[in-house]
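Novice: I have a structure I would like to understand better, so I am pasting it below and will then ask my questions one at a time.
The values are calculated or read from the model by the stated rules, or taken from the named source; none is laboratory data. Worth saying up front: this structure is predicted, and the values here are computed from it rather than measured. Using ideal geometry, Cβ is built from the backbone for each residue, glycine included, and neighbour counts are taken over all protein chains shown.
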Amino acid sequence: MPRLPRRSTPRRAALTALVLAVVGLAPIAVTSDAVAGRDHHPPASAGPDLGPRTIVFDDSMPVTEIKQKADEIWAQQVDAEMSSERWALLFEPGTYGTDAEPLQIKVGYYTEVAGLGASPSDTVVNGKIEVYNRCITDGPTQPYCIALNNFWRSLSNLTLDVNGSGQDGCRATANFWATSQAASLRRVDIRGGDLSLMDYCTDGPQFASGGYLADSRAGTVVNGSQQQWLTRNSELGSWSNGVWNQVFAGTIGAPSETGFPAETYTTLDRTPLSREKPFLYVDGAGAWRVRVPDARTDSVGPDWTSGQAAGRDLPLSSFHVASPDQPARDLARALDRGKHLLLTPGVYDIDRSLEIRRSDTVVLGLGHATLTATRGATPVVVDGKARGVVVAGVTIDAGTGLSRNLMHIKGTPGHGHGHHRGHALPRTHGRRSAPSTTLNDVYFRVGGPHVGKVDTALVVDADDVLIDHIWVWRADHGVEGFTAGVAGDTDRWNTNTGRVGVVVNGDRVRATGLFVEHFQQLNTVWNGEDGHVVLYQNELPYDPPSQADWTQPDGTLGWPGYQVSGDVRRHQLFGGGVYVFNRNDPTITTESGFDVPERSGVRLHHVMTVNLEAGSIEHVVNDVGDRVDSEAPGTPSFVVDYPAVG
C-alpha cells in the first residue's frame, strides 16, 4: 500500500492557481461567460428555463459538439474547488456515442451530470463519464495527483456502456470515478466494463475518501484505495478490496462480512428504510416532471430494474423555478404559496429562513445549488407539523455572521405523529413507513470559499427523519485569506468556527451515509431513541492549537467523534470510523473515538479509529480498543462489536 497522503495539502492563499495535469490534456482557455454565452447551442427540445448554467443535450447533437461543451466546463471546474460556479449537464432520453465514436467526458467541481429519462435505460452513453486524480502543483511531492479533495459532483440516471470506449492502455476497461465526499453515484447502470472508484493511472493508485453509490447496477467494481464507501440498494457482479470501512446495505452481490477486520466489509442484507432521491425527467409526451420515489422498507436492490418504482410525479408547473439572483423572500413566499422549489445552479444568498410548512414539499437543487447564510440566518427550517418533506441536491454554507444552525428540522422529540418512544415507524399520508423528512445528498459547509460561522450545523428535533447521504464539513482548508501552515490553522480555529456538527434529538431517525468532520467540540451527538446509522465517517478537527483547546471542561481529553447520550436505551451503528490528524500539535490526545452508554440496547458493529500522521486516540469505544498514534500511521484499531458478542 502506498504511503498515506494527507487529506489537506499544503496551500498558498489561493488554492485555485493550479496546473492541470490529468492524462496529458491541456486545459481549454475559457471564461464562465464564454461557456454560458449565446455562442452555445440552445437545448434541442423546447423546455423550461433552467438558467444559464444548465446545459441540455439531445442525441441529435454531434458527439464532438457535446464533448467540446463538456470539456470547456471541465477545464473551468477541474481545479475550481472553492469557486462560485455551478453546472448541470442534462441528457435527454436517447443514445449518445457509438463504438466508433464514443462520448467521453470528465466531471469537475460543482457539476451534476444526469439523464432525463424515467429510467436509467432511457439515456444511454456509449463511452465514459469520469473523474480522475487531481494534480496539485504545491503538493509535498511532484507530481502530486490525488482524489482526496475531489468533492461536490454527481452522476445519475443513465446507462454507461463502457466497452473499451476507444481508450488505449491503462484506462481501457473501466469507467473511473475517483472521488471523495459529496460526490454521489445514483441510478447508474454500468455495462461493458468495470467501475473503478480510484484512478490507478494518474501517478499510480492514490487514496480517495468518502464515496457513495445507490440504486445502481454494475459488474466488477474496483474499489481499491477508497478509505470508506457506502453502497446501498444496488446490484454488483463483484467487489474488489478496500481500505477501512466498506459498507453495503440491501445490495445484491455484496461481499460477505465474515472476514472482518482482515477484509473490511460490513454487510446488511436489507436496508431497513430507504427513499431514493427525486429526479427531473422528460416524459414520453415531452413534458418536464419531477419524480418523487416512495419510501421502501427492508429493501434489496435498485428500485428500477423490474419496472418503474412506486412514487409520484410532480409537474414542473408545481415548482417555483428559482435563480440565484432572486432574494430569499421570493423563495420563502413561493413555499408559503404551496409551491415546491427547484433551485437552478448557482449560489443563493439567504438572509432569512426558507421555512417548509406544508407536507410533501420537495426542495430539489440542480448542479449543486448552494444556499449561503447571510446576516446569521438559518437557511432551511422544516416545520414540525410538515410530513413527507424531501430536501435533495442542496449545499448549505455558513456565512461570515454567526448562524445558530444551517438547517433545523423542528419537532417534539419522542412525540412525532402520535407515536411514543420505541414504537414502529409511522404511516404518513397512506404511504407505508414514509419518513417525516428525507435528506438526499445534502451537504453543509463551514468555511472553505469564505469564512463561516455556525453553532450547530444540523439539528434534527423531529421523529422519523431519514438522512440519506449528507456531508457536514467544517473546512480543514480553503481560501479564507489565512496564511499557510500552523499560524494559518490557528487563525482558522479562532475565525472559521463550528462548535457542533449534527445533533439528533428525534426518535427513530435513520441515516444511510453520515459524514461529519472537523467540528470544534462534538461532531455528532445522538439524543433520540432507536437511532439507526449505516456508515459513519468522521475526522476530528485538524487545527486545535493545543491540548488545552481540545479538552472538555471536566478534564476529559478531547471530544469523541460520535457520542450517544447516556440516557439513550436503543441505538445501532453499522460501520463507523473516527480519524485523527492534529497537525498543529501532534502531541494532542483524544480519549475515545466513540462514546456510548454501556447497555445491551446500544450496539456498534464494525467500528475503528486511525491516526493520519499526527495526534492520538486512546480507545475506539469508551475504554475498549487499542490506541492509535503516529507510531503506526494508517493502521486502524478495530472493534468488531460493542458490547462484545458471546
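Novice: Restricting attention to segment 214-232, which residues are in a strand (DSSP E or B), crowded, with 24+ Cβ neighbours inside 10 Å and either more than 16 Å from the chain's Cα centre (by Cα) or in contact (Cβ under 8 Å) with a residue 24 or more places away in the chain (or both)?
Specialist: Result: A214, A218, V221, Q226, Q228, W229, L230, R232.
Novice: Hey, does segment 168-177 have a residue that's among the β-branched types (V, I, T) and either closer than 25 Å to G634 by Cα or not assigned by TED's automatic domain parsing to the domain that holds N126 (or both)?
Specialist: No, the conditions are met nowhere in segment 168-177.
Novice: Mind counting the residues in segment 243-286 that are among the polar types (S, T, N, Q) and closer than 17 Å to A218 by Cβ?
Specialist: 3
Novice: Within the set of pairs 6+ apart or on separate chains, which have a first residue in segment 619-631 that is in the same structural domain as P261 (by TED's automatic domain parsing), a second that is buried (at least 21 other Cβ atoms within 10 Å of the Cβ) and of a type in the set (K, R), and C-beta atoms under 7 Å apart?
Specialist: Note: no pairs meet the criteria.
Novice: A further question on this structure: Taking the stated definitions as given, is L273 closer than 10 Å to G301 by Cα and in a strand (DSSP E or B)?
Specialist: Spelling it out, it is not the case that L273 is closer than 10 Å to G301 by Cα and in a strand (DSSP E or B).
Novice: Specify the residue that is modelled with the highest pLDDT; the eligible residues are those in segment 275-309 that are more than 21 Å from I470 (Cα to Cα) and hydroxyl-bearing (S, T, Y).
Specialist: Y281
Novice: Do we have D464 as touching a helix residue (DSSP H, G or I) at 6+ places or on another chain (Cβ under 6 Å) and either over 15 Å from L406 (Cβ atoms) or at pLDDT below 95 (or both) here?
Specialist: yes
Novice: Could you look through segment 248-263, keep only residues that are under 24 Å from the mean Cα position of the chain (by Cα) and without any contact (Cβ under 8 Å) to a residue 40 or more places away in the chain, and pick out the one that is nearest to T305 (Cα to Cα)?
Specialist: Residue satisfying both the conditions and the ranking: G253.
Novice: Take W304 and tell me if it is in contact (Cβ under 8 Å) with a residue 60 or more places away in the chain, touching a helix residue (DSSP H, G or I) at 6+ places or on another chain (Cβ under 8 Å) and within 18 Å of R217 (Cα to Cα).
Specialist: Yes; evaluated as a whole, the condition is true for this residue.
Novice: Residues to consider are R583, R569, R627; find the one that is within 24 Å of W550 (Cβ to Cβ), surrounded by fewer than 16 Cβ atoms within 10 Å (Cβ to Cβ) and not polar (S, T, N, Q).
Specialist: R627
Novice: Another one. Within the group D507, D441, D455, which residue is of a type in the set (D, E), surrounded by fewer than 24 Cβ atoms within 10 Å (Cβ to Cβ) and either at pLDDT 95 or above or in contact with a Ser or Thr (Cβ under 8 Å, 6 or more places away or on another chain) (or both)?
Specialist: Only one candidate qualifies: D455.
Novice: Among the numbered conditions (1) over 26 Å from F444 (Cβ atoms); (2) part of a strand (DSSP E or B), tell me where R569 comes up short.
Specialist: If we test R569 against (1) over 26 Å from F444 (Cβ atoms); (2) part of a strand (DSSP E or B), just (2) comes out false.
Novice: Hey, among A285, A254, which residue is under 25 Å from S119 (Cβ atoms), outside any strand (DSSP E or B) and in contact with a Phe, Trp or Tyr (Cβ under 8 Å, 6 or more places away or on another chain)?
Specialist: A254
Novice: While we're looking at this one, here's another question. Taking into account only those residues within segment 233-245 that are within 23 Å of R296 (Cα to Cα) and touching a residue at least 60 places away in the same chain (Cβ under 8 Å), which is surrounded by the fewest Cβ atoms within 10 Å (Cβ to Cβ)?
Specialist: Taking the candidates together, the pick is E235.
Novice: Just one of F638, F581, F574 is farther than 30 Å from P272 by Cα, of a type in the set (F, W, Y) and touching a strand residue (DSSP E or B) at 6+ places or on another chain (Cβ under 6 Å); which is it?
Specialist: Unique residue meeting the criteria: F581.
Novice: Please work out if T297 is surrounded by 17 or more Cβ atoms within 10 Å (Cβ to Cβ) and polar (S, T, N, Q).
Specialist: Answer is no for this residue.
Novice: In addition: Inside segment 343-361, can you point out the residues that are of a type in the set (A, V, I, L, M) and closer than 11 Å to P324 by Cα?
Specialist: Scanning segment 343-361 gives L343, V347, I350.
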